[in-house]
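Below: one structure, written as structure tokens.
The values are calculated or read from the model by the stated rules, or taken from the named source; none is laboratory data. It should be emphasised that the depicted structure is a prediction, and the values quoted were computed from it without experimental measurement. Using ideal geometry, Cβ is built from the backbone for each residue, glycine included, and neighbour counts are taken over all protein chains shown. Accessible surface areas use protein heavy atoms only, side chains included; no ligands, DNA or RNA. Shrake-Rupley method; radii C 1.70, N 1.55, O 1.52, S 1.80 Å.
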Amino acid sequence: MLDVETFGEGPPVLFIHGSVVGAELTFRKQEELTSRWTLILPNRPGFDESPPLERNDFEVEAPLFAELLGDGAHLVGHSYGAVIALLAAAQRPEAVRSLTVSEPGALRIAAGEPIVDELIANGERLYGDPDSIPTETFLRLFRSGTGSSHETPDELPEWLAHGVDLLKSERPPWEAEVPLDRLARTSFPKLVISGAHSPAFEAVCDSLADAVRGERAVIPGRGHTIPGTGAPYNERLDSFLEAAELRRT
């Protein structure tokens with residue numbers, strides 16, 4: 001059973017964080033949403049108090065988060081968590097009130113675009129022999145490739161080193177086969193957000209929004225770490241969730 005914290009009042013919103021850091025740090029700037037929404041913040045396997053898997057894998061994790069949708073919730077995913085959210089939404093569409101994803105790592109959605117293919121190739125080189133790369137170096141290379149705005153200290157604290165260990169062993173997100181046709185046939189609203197820092201992620205988000213017939217937004221300022229923009233992200237998410245609720249009623 002995943003470690004889950006719940007905050008706020010109002011319709012439920014299930015958030016799924018990405019790699020390296022857990023839910024509390026990823027979504028720390030979303031506290032202001034608790035006045036209107038109930039924020040459900042699970043930690044992925046191996047993070048904080050959530051029991052680890054032998055290997056983190058979007059395909060294995062998706063059913064865990066699909067179950068957390070309960071009788072119905074809005075679903076929000078970032079980065080690796082956005083890949084999980086896409087798969088979970090396809091598994092239980094009847095329980096999804098809306099779907100918001102920011103820069104999912106499912107890069108093959110835009111395979112064939114040279115800039116995307118290059119990012120995949122770089123990722124495959126990084127993951128070719130991860131144990132041979134020092135922890136701090138691996139994290140810096142990963143964050144550089146994704147455009148993360150998180151600072152990487154010279155000496156990693158234990159919790160961050162643990163996050164890198166999970167990162168090194170998890171299944172690469174570009175291997176995901178997202179059921180785009182199935183998602184396109186669902187009736188819940190969809191929002192795809194990018195951070196205006198990477199042509200590759202812009203291409204992925206453009207392709208995804210087109211394929212699933214979703215809304216498209218660009219929120220610059222923090223690179224890949226889009227929830228970290230705080231107010232701009234919160235305002236766009238809040239308005240989208242409110243419109244989805246009105247549509248339901």
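For the stretch 221-249, residues that are open to solvent by 60 Å² or more (accessible area, probe 1.4 Å), at pLDDT 95 or above and touching a strand residue (DSSP E or B) at 6+ places or on another chain (Cβ under 9 Å) total 1. Yes or no: the stretch 156-174 includes at least one residue that is touching a helix residue (DSSP H, G or I) at 6+ places or on another chain (Cβ under 8 Å), within 30 Å of residue 244 (Cβ to Cβ) and of a type outside the set (Val, Ile, Thr). Yes, the stretch 156-174 contains at least one residue that is touching a helix residue (DSSP H, G or I) at 6+ places or on another chain (Cβ under 8 Å), within 30 Å of residue 244 (Cβ to Cβ) and of a type outside the set (Val, Ile, Thr). Among the residues making up the stretch 144-161, a single one is in contact (Cβ under 8 Å) with a residue 40 or more places away in the chain, within 16 Å of residue 198 (Cα to Cα) and part of a helix (DSSP H, G or I): 146. Filtering the stretch 76-87 to residues that are open to solvent by 10 Å² or more (accessible area, probe 1.4 Å) and not in a helix (DSSP H, G or I) leaves 78, 79.
Note on the stretch 10-65: residues that are in contact with a Leu (Cβ under 9 Å, 6 or more places away or on another chain) and in a strand (DSSP E or B) total 9.
Across the stretch 201-249, which residue is farthest from residue 152 (Cα to Cα) among those that are under 18 Å from the mean Cα position of the chain (by Cα) and of a type in the set (Lys, Arg)? Checked the stretch 201-249; the qualifying residue farthest from residue 152 (Cα to Cα) is 216.
Among residues of the stretch 112-136 that are in contact (Cβ under 8 Å) with a residue 24 or more places away in the chain and of a type in the set (Phe, Trp, Tyr), those with a Cβ under 9 angstrom from a residue that is surrounded by 15 or more Cβ atoms within 10 Å (Cβ to Cβ) and part of a helix (DSSP H, G or I), sequence gap 6+ or separate chain, pair up as 127/168.
Working carefully through the options 73, 90, find the one that is within 16 Å of the chain's Cα centre (by Cα) and either farther than 15 Å from residue 234 by Cα or open to solvent by 10 Å² or more (accessible area, probe 1.4 Å) (or both). Walk me through how you get there before you give the answer.
Working: 73 fails: within 16 Å of the chain's Cα centre (by Cα).
One residue alone meets the criteria, 90.
Filtering the stretch 24-49 to residues that are open to solvent by less than 30 Å² (accessible area, probe 1.4 Å), of a type outside the set (Phe, Trp, Tyr) and either within 14 Å of residue 225 (Cβ to Cβ) or in contact (Cβ under 8 Å) with a residue 40 or more places away in the chain (or both) leaves 26, 30, 33, 42, 43, 44, 45, 46.
Here is the figure for the stretch 233-247: residues that are of a type in the set (D, E, K, R), in contact (Cβ under 8 Å) with a residue 40 or more places away in the chain and closer than 17 Å to residue 29 by Cα total 2.
Can you pull out the residues in the stretch 97-122 that are within 15 Å of residue 237 (Cβ to Cβ) and open to solvent by 10 Å² or more (accessible area, probe 1.4 Å)?
Initial filter on the stretch 97-122 (within 15 Å of residue 237 (Cβ to Cβ)): 97-103.
The one that is within 15 Å of residue 237 (Cβ to Cβ) and open to solvent by 10 Å² or more (accessible area, probe 1.4 Å): 97.
Within the stretch 205-220, the set of residues being open to solvent by less than 70 Å² (accessible area, probe 1.4 Å) and among the hydrophobic types (A, V, I, L, M, F, W, C) comprises 205, 208, 209, 211, 212, 217, 219.
If you go through the stretch 199-218 and pick out every residue that is at negative phi and out of contact with any strand residue (DSSP E or B) (no Cβ under 6 Å at 6 or more places or on another chain), you end up with 8.
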